[in-house]
Amino acid sequence: MNFGSSSKRIHVIDPGVQKNNCSSLPLYSITHYSYNPLHPPEPHDSIILVSCKRPIDSPLYIDTSPCLTAKDFYSYVVFGNDLMASNIEETCTIYKTITSQFQNSLDVETRNISYRDVHDMMASGFELEWMGYSDSFCSSALCFGAIGTGGFFGICIALSIAYYIYELRRRYLSLHDAIEKFLKSRNNLIPRRYSYREIKKMSNNFKEKLGEGGYGSVYKGKLRSGQLVAIKMLTKSKANGQDFINEVASLGRIHHVNVVRLAGFCVTASKRALIYEYMPNGSLDKFIFAEHSNRLSLSWKKAFEIASGVARGIQYLHQGCNMQIVHFDIKPHNILLDDNFVPKVSDFGLAKLHPLQNSVVSLTVVRGTLGYMAPELFYKKIGNVSNKADVYSFGMLLMEMAGRRKNINALAEHSSQIYFPSWIYDNIDQGEDMEIGDHATEEEKTIRKKLILTALWCIQMIPENRPSMREVIEMLGGDLQDLQLPAKPRFYPSDSPVRHLQSSSYSCSEESTESPCNSVPLEIEQIDR
């Protein structure tokens, strides 16, 4: 590592990379947060070395042969500043991530380069810029008074760099130690970590605000690749950043068409941001509730496709990863729609990860949003908390999609209609027709009834009586004649175990972009019925 006193830059080279030996490999993974608060000057990129079980035919993947060869796997490099987890083939494993500095003579943008060119870039190392002096370590009298004396100026630079290195190591003892420790333990994870300066640049200094909620504001942005993103700036810190860790830990390991992709994140001592793929159609609640009647109304066929997609996304969270992920906050507000109305499960701030073989989830506080929370979160004797809590929340979501209204409506004409699941159950049980419009087709009536029957199974009070998400998918995909009417759900608002809470605290309009709705862990002790 060399540094210059006048340029405010240091030059970093991995000692494992030998200039004239293309089979030599770097000794260390150097990611974007390895050297924060220093930063590389433009242009720069990440070089990701991957090993794959089968050959990959993609312009993104640069073959490392004949420099690197192996009998059991194929070796490639990928450039990855804007790379997301979904771009990595499922048969490939990341084993090194390093920073490089582009050379003007190389055609990097079109990837028309060989591995020897890439190796030369690694062997040349990269520079890091230093943005200023440390007020607490190098006083202004020393730094600015010594400019006339080269020796003292060099000492000032050296001391400042030493202080920054010390600060990097001291982060394990800082207030955001939990986040830093988590990130460093997963330094091979994509998405990328961005600096706050990069966040401001990609959002055009936070020019276009998409919405605001209890966790902060969301802004529209654009990556260097041109991809549009949504940047969620977090304003609240829960449990020493545990919500932030939940989001990165959950989405960092997921790529599924019905789960929102995390494109990157930013974390400093005072700023935290999450960067998602941009969903131009916003959240599902904008399309299913009457107060948004000026929006395009979803057809019943499209609503059914969305419901099925959400079910597949939740089932993937429960069984599709090497760890089980329980979301704990499934609701219309957290279902995002892309430009083709493909649904994406989002907002993993309350998610809980645990081993696949463990069905019971251990909780210290109740998680979720009132109206969608499973009863076992309040009543311990009903049953253990498990992924069936997500099944219950999904059932409440299905009810709202089928009813095109909130499940609880205090303005209903008749008291029996206040709680929609109870009212619709009685209608079905008595063989009454479910009116959905004068011009509804038989197919549309079938879709609505299938949504309602599936929802009634999902919102059973006892967790063991609810289907798994795999069974829910089978219900939605099967024939209506195969769906039986379950027992009438017994968990109604009058049974609520949290009457002591002020209802006004939890009655905010979640579909409003200005709503501070509380989808946060509620500090409520579990009580026995």
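The values are calculated or read from the model by the stated rules, or taken from the named source; none is laboratory data. Because the structure is a prediction, the values reported are computed rather than measured. Neighbour counts are summed over all protein chains in view; Cβ atoms, including those assigned to glycine, are modelled from backbone coordinates with ideal geometry.
Tell me, yes or no, whether the stretch 295-310 has at least one residue that is more than 23 Å from P191 (Cα to Cα), modelled with pLDDT of 95 or more, crowded, with 24+ Cβ neighbours inside 10 Å and small (G, A, S).
yes
How about the stretch 332-358: which of its residues are touching a Cys at 6+ places or on another chain (Cβ under 9 Å) and closer than 14 Å to S393 by Cα?
Once the filter is applied, which keeps residues that are touching a Cys at 6+ places or on another chain (Cβ under 9 Å) and closer than 14 Å to S393 by Cα, the stretch 332-358 yields only H333.
Could you list all residues from the stretch 439-457 that are basic (K, R) and either touching a Lys or Arg at 6+ places or on another chain (Cβ under 9 Å) or under 18 Å from L397 (Cα atoms) (or both)?
Answer for the stretch 439-457, where residues must be basic (K, R) and either touching a Lys or Arg at 6+ places or on another chain (Cβ under 9 Å) or under 18 Å from L397 (Cα atoms) (or both): R448, K449, K450.
Across the stretch 101-118, which residue is nearest to I13 (Cα to Cα) among those that are at pLDDT 80 or above and loosely packed, with under 15 Cβ neighbours inside 10 Å?
In this case the residue turns out to be R116.
Considering the stretch 472-494 alone, what residues qualify as being outside any loop (DSSP other than H, G, I, E, B) and modelled with pLDDT of 90 or more?
Of everything in the stretch 472-494, those that are outside any loop (DSSP other than H, G, I, E, B) and modelled with pLDDT of 90 or more turn out to be V472, I473, E474, M475, L476, G477, L480, Q481, D482.
Under 7 Å by Cβ, and 6 or more places apart or on different chains, what pairs join a residue from the stretch 251-267 that is in a loop (DSSP other than H, G, I, E, B) with one that is of a type in the set (V, I, T)?
From the stretch 251-267, the pairs are V257/V342; N258/V310; N258/V345; V260/V345.
Out of the stretch 81-100, which residues are modelled with pLDDT of 65 or more, of a type in the set (S, T, Y) and closer than 15 Å to G252 by Cα?
Scanning the stretch 81-100 gives a single hit, T93.
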